[in-house]
Structures are given as C-alpha cells and as structure tokens.
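For reference, the structure discussed in these notes is given below.
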Amino acid sequence: MADAYLGGEPLAEVVRSGFVESRHNGSVVVLGSDGEVTAWAGDVTGAIFPRSSNKPLQAVGLLRAGLRLTPPQLAVVAASHRGQPMHLRAVQHLLDEAGIAESALGCPPDYPLSEDARDELIRAGRGRERLFMNCSGKHAGMLRTAALNGWPLETYLNADHSVQLGIKATLEDLCAEKTATTGVDGCGAPLLALSLRGLATGIQRLVEAEAGTPERSTADAMRAHPELVSGDDEGGDDTRLMRAVPGLLVKSGAEGVLVAALPGVGAVALKIDDGGMRARVPVFVAALRRLGVSVDTEVEVAVNGGGGKVGVVRSIW
C-alpha cells in the first residue's frame, strides 16, 4: 500500500511576453519497456487520487466480471466524454441495449464539458441531465455489469457492492499494490488511491497484454476510438495525444493527473500538485521525450493576450 503523497518538485512554468509569471509543482514517473523506473521527479510512491485516470483500469474490472461490449461501447465506458452528440448517443445505446433506464445512473446531473454541445442543448431548452455528465459511460458500464450478474442496481455505487469490489481487485492486481484508501469521485463512484508508479504500471500492462484479453481489449478500444475517450473539440487532450502518437494510450484525470503507455516503449504518470490542468500536457510531452518519443507541436499550451498568443506553458523538467 502506498504511503501518503508528499508533494512534488517544479515541473512547469507559464511564460507571458518572455516573463515567467507562474510555476507548477508536481510529480512524474517514467517507466521503461521493462516496467522499471527510468526517470522521476517528486513523490512517485505516495498515494494520490488518480480520478478519471483510473477509468481504463475500472473498465478492465467490468470486463473481468463478464461484461461484453463492442469497441466503441468500451471506449465510452472508459471515457471522460465531453457530451458531444456522438457521446450521448453511445451512452444512451449502452443503457437502451440492456433495458436500463437513464434514471438508474448514479452520476449527478450536469451540462456537457463541451461548450458547443452545452450551448446547443440549452438552446433546445434542456438543462442538466445525468446522461450529459462526463462519467455517464462509466456508470452505464457499471450498471450493465450489475444487471448481467444479477446484482442490485440501486446500490451499485456502494464500495462494498460486487461491481466495486471487482474493480478494486482488478486495480490492485494490475498496479501491483494495495489501494491506499477509498474516497468518493466527482461522479459519486468509489475512488481508489494509488501511487503514480502503480498507476503507470497498471496502464502499461493494458497495452502489453495479449490480444483478446480484457486488458488489451480496453486499450485497443480506446486507441481505435480516441474521439469517444474525450472529444474532438478544443478540450479533447486525450483524443489529440492519441492521434498524435500511433499506439499511445492516454487517460487524463481531474486535479492535474495524466497517465499513458506505449507498447514496447514505456509508460508515464504525472500529478500536478495544485490540480491545474494546463501544465499536464507540457510535462507529459517532456516525459515522452525521455522515452525517445516526440509529439507534434499541435499539443502546445499557449498563453494568450490581446486576442493572440503571447507565451506558452512549458516544462522545466
């Protein structure tokens, strides 16, 4: 079991008009193709809440419990979708196919993360709905797993429910460590704490698994349908990164977390201490370079002023 997280080191800085105006501390771990640590900064063995970066591992837990899905369905179960029409159709189909009512979703009502999707729904006279919440795919997967096994749907979010116990066992198996504690995620699901090293280990095992296994099936579905994992609008970092590097599996999480793995190359997991999201991608790209992988400049995080670019968020690690 991981100890308490001790905090990180300076990883990124925000440069405006040639002047450094902000810095972000955090922790990052890089695993080589053999799964061993090749580079790190900060505390990579203390426990953090990976937030939605746990979703690929949670999806594997559902498959191990007997759930069978098409690749697009599996991608949206592992997603933090942005509520675009393609996402809402996919989640609705997950529910309809199993005869599960939308009201069974335990995630809170919300607007889509995508501003365009949100504005369109508001213009259509719709408010916050459970379906629109970015974790609704994961919840639909949990509900389908419970229904498949004859487990109660009403209590599927309880930490001692069979769905959640199976997910916990899967995370501990794949990450090779005991979860440090269980909290409540923003969507209401149990949230399991892991170290960055454990998280990177778990995701690396997905991309290195044999074809047809729950692990590899999850990785393959996400990489084949990256637009369903986040979105194809401005906020879809996971989508852009997976499109930029063939074979790369990426899953970001709230509060500045990101994890990724590339078969035959290695894995990266990082946490930005202040929870800021803007520093994740520059630090991640720098970590990939340590594995000999370059990423297209389209993932650059710009600093704007007066309607144009005046600076950049850059890694200092």
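Throughout, read-outs are computed from the coordinates displayed, never taken from laboratory work. These numbers come from a predicted model, not from an experiment. Methodologically, a virtual Cβ is constructed for each residue, glycine included, from the backbone with ideal geometry; neighbour enumeration extends over all protein chains shown.
Below is a table of values for the structure above.
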| read-out | value |
| --- | --- |
| Ascending count of other beta-carbon atoms within 10 Å, so fewest first, for 81, 24 | 24, 81 |
| Lysine-lysine proximity count for the chain, Cα under 20 Å, sequence distance 8 or more or distinct chains | 11 |
| Computed over the stretch 50-109, Cα set: Rg, Dmax in Å | 11.7, 31 |
| Choice from 141, 127, 253 showing the highest fluctuation, given a GNM over the chain with Cα pairs closer than 10 Å | 127 |
| Among 193, 146, 169, residue whose mean-square fluctuation peaks in a GNM of the chain (springs only between Cα atoms under 10 Å) | 169 |
| Range of Cα positions in the chain per principal axis (Å), largest first | 58, 48, 33 |
| Percentage relative contact order, the stretch 45-265, counting C-alpha pairs under 8 Å, at least six apart | 29 percent |
| Top of 132, 19, 49 by mean-square fluctuation, Gaussian network on the chain, Cα under 10 Å | 19 |
| Burial ordering of 210, 13, fewest other beta-carbon atoms within 10 Å first | 210, 13 |
| Stretchable slack from residue 124 to residue 19, in nm (0.36 nm times residue separation minus alpha-carbon distance) | 33.4 nm |
| Whether the stretch 208-317 is rounded, prolate or oblate, judged on the alpha carbon gyration tensor where a/c under 1.5 counts as rounded | prolate |
| Principal axes of the stretch 101-170: Cα extent on each, largest first, Å | 42, 22, 16 |
| For 27, 53, order by how many other beta-carbon atoms lie within 10 Å, fewest first | 27, 53 |
| Under-5 Å amide H pairs with residue 258, H placed in peptide plane, nonlocal only | 253, 270 |
